[in-house]
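The values are calculated or read from the model by the stated rules, or taken from the named source; none is laboratory data. Note that this is a predicted model, so its numbers are computed, not measured. Positions of Cβ are backbone-derived with ideal geometry, glycine not excepted, and every protein chain shown enters the neighbour counts.
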Amino acid sequence: MMKFGAKLVGGAFLGAALLAGSALAEDASLSLSIKDHRFSPAEIRAPANTAITLTVKNLDKTPEEFESKPLRVEKVIAGGGETTVHIHPLSPGKYRFFGDYHEATAEGFLIVE
Ligand SMILES: [Cu+2]
């Protein structure tokens, strides 16, 4: 009985240590701008299995909505404003995003590799 208890405590301690370790891992920081209703750069790259902090600056005077279905993001950015998008660790792939208010021109891809 005691032996089992000790094992359980040890396991919980290891779990907590692993959680602390992953929380300390560096996020990948990316940034892009919107200008004339286009993303610049229109392709951004990030490492797989890494949390991403993406800063989106809207250099236009009109608002834009940064949206991505595969990334499950939908965020309005005021004209001249910026926002930060937190993206969970991803598998390798090509993830599309777009400006919902100017979808004809505002399109880009996050390439995870
Ligand atoms: Cu939308």
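Does the range 48-99 hold any residues that are touching a Gly at 6+ places or on another chain (Cβ under 6 Å) and either of a type in the set (Lys, Arg) or exposed (fewer than 12 other Cβ atoms within 10 Å of the Cβ) (or both), and which are they? Matches in the range 48-99: Lys61 only.
Put simply, of Val76, Val85, Val56 the only residue that is closer than 18 Å to Glu26 by Cα and within 16 Å of the ligand (Cβ to nearest atom) is Val85. One residue stands out among those in the range 100-110 that are in contact (Cβ under 8 Å) with a residue 12 or more places away in the chain and within 14 Å of the ligand (Cβ to nearest atom): the one that is surrounded by the most Cβ atoms within 10 Å (Cβ to Cβ), which is Ala106. Filtering Ser29, Ser68 for residues that are within 20 Å of Ala106 (Cα to Cα) and modelled with pLDDT of 95 or more leaves a single hit, Ser68.
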